[in-house]
Structure formats: C-alpha cells, structure tokens
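Notes follow the structure.
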Amino acid sequence: MKRKWFVLLFAMLLSMVLLLAACSGEETDSDGDDTSTDDGESEADDAADDVGDNVLVMNNGQEPTSLDPPIGNDEYSYTILNNTGEGLTRLAQDEAVPEPAMAEDWDVSDDGLTYTFYIRDGVEWSNGEPVTAHDFEYSFKRLADPDTASGAAQHSYWIAGAEAFNAGEGDEEDVQVTAIDEQTLEVVMENPTDFFPSITAMPQLFPVHQETVEDDANWAGSIDTIVTNGPFNMVEWDHDVRIVLEKNENYWDADSVNLDGVQFEMVDDSSTAYQLYEDGTLDIVDIPADMMETLVDSEDSFVAPRAGIEFQRFDVNEEPFHNKKIRQAFNYAIDSQVIVDQIIQGNENVAHGFVAYGFLTPDGDDYRDHVEDFYAYDPERAVQLLEEGMAEEGYDELPTVTLSYNTSDQHSIVSQAMQEMLLTNLDIDIELENSEWSVFLEAQQNVDLQYSRSSFLGGYNDPINFLDVFTTNNPMNRTDFSNEEYDALINESYTEEDPDARFELLYEAEAILMEEAPIVPLYFYNHTFLYKPEVNDVVRHAVGFVELKWASLD
C-alpha cells in the first residue's frame, strides 16, 4: 500500500516538473515570437553553407570542456575530439574492434609486453606537418605527466613506468614509450595487455602537436591555434554557440569520409533542441526527457546499448557518509526501477552493480550474468541500516545532506525523485543544489561535493575499464574511497594470465566495491536519439565514441 501511495505521489511530482520545464523551454520577445529559434536557424544555415551542401547538423548540448585530448574527459568533448583527431587505431565501422588508423600495422612480442606500431607514410597535421612516432611518444608521456593534471591519466598506466611518473615516484624518462624513428613507435607494457590496441583508439591517447602545445597553453581553445589530425578539421568555433567542422581532404582515408562537414550546435535545453529538430535545423538530437515515452518507439528514434552508467557518488570522508551503513541505507531506499520506467523511459536496465552489460567473459557470457544483483529496492532494510549507522555515530538526527547535480532538465527531475524517495522511505529531507557543468565538474573532481550525480562511459572493451576507477588515488575516483583489498584484487588482475582466474578477481573486486558502497548505481545507459530519415551510418558502438567518419546524408 505504501508503494502505491508513493508512485501516485511521484507521478504528481513528475507531472508538475515536466509542466514547468515545458513552460520555460523557450525565450520570447514582447510580440511572442520565438527569437532564439529564428536567429539560431539563420546563423546555423549560414555556417553550414560555408562548408558545403552535405553537412550534418547535430546538438552537442554544451561547450566542450576542452579539446586538449587528455583534458577533455567528458562526452561534450569526446564527440568532437573523436572526429577531429585520430589515434594509432580506430574502432571499426561494423564492430567495436580496433583497426589501423595513424598506425598502418603493429606487432606484439611473444611475451605480450612490447607493442611496435608503424606510422603511415604521408599522414599530416592540419598545419601540414607530418604526424610522426615522436608525436605519440610526447603525447603518451604528457598524458602521464602529473603537470598535465589529466583526469584520464589512468589510461596511460598500462605503459611501463607511467603510473609511477604520474604519482611523482618516477621520471618521464622511465615511461617506456620510444620513437625508434619517424615512423616506428615502441610501447612496453607494465603487464601483458591484449586490449591495448583498443585503448589507443580512445581520444585521451590521441597525439598532440608538440610545438603547438609548448608555444601556447591555451592552444586547444581557439580556432586560430588548434591543430588536429582526424577526418575533419575545425573551421568555426563560436564559443557556447556552435562548432563547425569540414572534411579534411588531406586525411589518409579521406575517400571514406562522405560528409562535407559537421556542425555542432550547443543547445542545453532539450525542449529547444527538439524544436530545432522539428523545424529541420538539427538532424540529430537527444530525445527530451518529457517526450521519451512518446518518441522512443517512433520512426526517427535510435536506441542501442551504451556501456555506461548513471550513478551517484558519496564523499566517504564527509559526514554522514563516512559511515558505511548510512551509505548502504541510501542504496536500499532508492527505487531505480521507478526512475527508469517513469522518468528516463528509454528501455534502460536498472544498475545492480557498477560494470555495465556487454562485457564478455572468456566463455562468451555477459559479465553481469556471473555477479549477483546488489541493492534491490528494500525500504525496510534501508530504515534498519540507517538506524544502525546513526547509532554508531551517536546521531539523534542526520547532518544536512545536499545532493548536487549539473544543470539539466532530466537531472533536475531525477534529483527531485531522489529527494522524494529519501523523504518517504528514510524521513530524510535532503537539499538539492545544481550548477553549470564546468563548475560542477571541477567541484566533483576536487571531492568538494558531499553527495552528487555522476556518470561513467566505457572507453574500451574490458570490465577493468570500470573497476579500476575506484582504486586509491585514481583521478576518476572522486569519492576518497580507498580499500586495500580492492586495490590488491585489481592489481592482481593486471598480472593474472589465466583469463578465467582474472575474471574471478574482477567479480570479487566489484562485490567489495558494492559492499563498501561509495556509490549508488541507478541505471545503465542506452543511446537514445532522434535521427532525420536522411541520416546514415553514424556509428555508436556500445563501447567507444561517436564516429562520423562514415556518416552520410541522402
């Protein structure tokens, strides 16, 4: 009976929030004309005309955080980085396996420790200079350099000496990446890593032009200074408004690039973006949260699995979340199925762990089929754990709890649902705090947020990509969680040569992570977009990044 009452109350809340969102979704002048839409369409058309007739126009949502590969560690940056740049490898069009890109081939030593990549003849930077093995040596070491302060530095740790260098316990010279000559790059692994070619397809390991980087610390923030090497070059950047790319005619595989260009609009209001889609300005757009149920099965919808997760982080050193039982209570009190069914409505799977679906075991099974479901919704268990945790801390009442999230209609609705669930199930009235993405991200990276929404997107096809996030001092940890047993299991998995035994270590590590509860998993992502019928061959692998190299328009 209590659950039925909650669902009714929640439905009323959702209706009010969606109404408010719909009523505030556009700006009007005194005559009631939609000035933002009219002006945006005119400027967008002008920008596309400068590039050519065959231009894909899509919404990026917001300004990229950075177009410096080791710094732009979020989806607002990835999509542009992945199409203006290229690594040693690139994921294939038909399946998420690495294929030759800047490197035309590679060898692996018998012991699995040494990769030798052979850079193509004639590959160029957008400034006309050759891309060489030296660029990759410089870039891989720069990713690991603590002075770079990359939030993705852990992706260099596979390389011998990189983690020690990043931790201040080694020198740059100890990082075992060597340009043997202009076209030969040797990379020595810390341990055998058979998926390393998939890692080199990630934007964080794209090369950068050394002279450009060293001449101007802000090189990646201006159309006048940015230097790239991918299928498209940047030709316009009106900050917070749009980025325009045009086909790179000097790209080594330019014959595979069908578009004249790509235009990214930065419309952070999903209702406004949908209006632009409806009037023909945008070719691709996210499905607005308040229209998901209506549009997810429409002819224009694109829905496919995405190896990523929506979750929440606790600062485990800040009251009251220094207490494990209180963290566990929050996990049991939140009904993720309601979030998926009544808000997200994109056919997502509820997350009962941290590693997403889609990662295969050595026997070809899904990883998630071999681990238990953690934290099934159980408000009675939540109350019990909260009472025990409060008793352990001597609390008569819980310290103030603030849930922080970055500005978004959907994040706002989900956060209000969290607020209602915690009030209903635990009698905790949490506060909500929202901020713009860049401000929010910096605060979360600095572990300045007590309790915050978060997400993680898999970049390469192995579950360790998810699990190493919560090792001690990992830049992506952002919870101050540290557990010696967890770290030991992850470290042992790096050296375990038997595939079945290695996965057993990963299963055990995830169980510890969930028991310690530095996070609240909510749901695993799907790709959910609307595509105009004329859009073809935009590649969105479950693991990987948006590929426009093969895209076309009828």
Which residue pairs have Cβ atoms closer than 6 Å, lie 6 or more positions apart in sequence or on different chains, and pair a first residue in segment 427-449 that is on the phi > 0 side of the Ramachandran plot with a second residue that is open to solvent by less than 20 Å² (accessible area, probe 1.4 Å)?
-> VAL447/ASP315
Test TYR115 against the criterion of being out of contact with any strand residue (DSSP E or B) (no Cβ under 7 Å at 6 or more places or on another chain), surrounded by 18 or more Cβ atoms within 10 Å (Cβ to Cβ) and aromatic (Phe, Trp, Tyr), and give yes or no.
-> no
In segment 332-371, what count of residues is obtained for those that are more than 21 Å from the chain's Cα centre (by Cα) and either closer than 21 Å to PHE529 by Cα or outside any helix (DSSP H, G or I) (or both)?
-> 11
Do the conditions hold for VAL469, that is, is it over 19 Å from PRO64 (Cα atoms), surrounded by fewer than 22 Cβ atoms within 10 Å (Cβ to Cβ) and modelled with pLDDT of 95 or more?
-> no
Just to be sure, is ASP181 surrounded by fewer than 22 Cβ atoms within 10 Å (Cβ to Cβ) and closer than 27 Å to ASN446 by Cβ?
-> no
Might you check whether a residue that is in a loop (DSSP other than H, G, I, E, B), within 22 Å of PHE545 (Cα to Cα) and out of contact with any Leu (no Cβ under 9 Å at 6 or more places or on another chain) occurs anywhere in segment 182-201?
-> yes
Going through segment 372-404 in order, the residues found to be within 25 Å of the chain's Cα centre (by Cα) and open to solvent by less than 20 Å² (accessible area, probe 1.4 Å) are LEU403, SER404
Specify which of the listed residues (ILE287, ILE309, ILE243) is of a type in the set (A, V, I, L, M, F, W, C) and more than 19 Å from ASN59 (Cβ to Cβ).
-> ILE309
Restricting segment 522-540 to residues that are among the aromatic types (Phe, Trp, Tyr) and farther than 19 Å from THR281 by Cα, which is surrounded by the most Cβ atoms within 10 Å (Cβ to Cβ)?
-> PHE524
Could you tell me whether ALA329 is open to solvent by less than 30 Å² (accessible area, probe 1.4 Å), over 23 Å from the mean Cα position of the chain (by Cα), under 30 Å from VAL447 (Cα atoms) and hydrophobic (A, V, I, L, M, F, W, C)?
-> yes
Could you identify the single residue in GLY353, GLY346 that is open to solvent by less than 40 Å² (accessible area, probe 1.4 Å), modelled with pLDDT under 95 and small (Gly, Ala, Ser)?
-> GLY346
Going through segment 389-402 one residue at a time, which ones are outside any loop (DSSP other than H, G, I, E, B) and aliphatic (A, V, I, L, M)?
-> MET390, ALA391
Hey, can you tell me all the residues within segment 202-220 that are assigned to a loop (DSSP other than H, G, I, E, B) and free of Cβ contacts under 8 Å to residues at least 40 places away in the same chain?
-> ASP216, ALA217, ASN218
Those residues of segment 541-554 which are open to solvent by 30 Å² or more (accessible area, probe 1.4 Å) and assigned to a loop (DSSP other than H, G, I, E, B), in sequence order = ALA542, ASP554
Within segment 478-516, restricting to residues that are part of a loop (DSSP other than H, G, I, E, B) and modelled with pLDDT of 95 or more, the one that is nearest to the chain's Cα centre (by Cα) is ARG478
The number of residues in segment 85-127 that are more than 24 Å from the chain's Cα centre (by Cα), in a loop (DSSP other than H, G, I, E, B) and in contact (Cβ under 8 Å) with a residue 60 or more places away in the chain is 10
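The values are calculated or read from the model by the stated rules, or taken from the named source; none is laboratory data. The shown structure was predicted, so the numbers you read here are calculated from the model rather than taken from an experiment. Glycine gets a Cβ as well: all are built from the backbone with ideal geometry, and neighbour counts include every protein chain shown. For the accessible areas, the whole protein counts, side chains as well, though only heavy atoms, and no ligand, DNA or RNA atoms are used. Shrake-Rupley method; radii C 1.70, N 1.55, O 1.52, S 1.80 Å.
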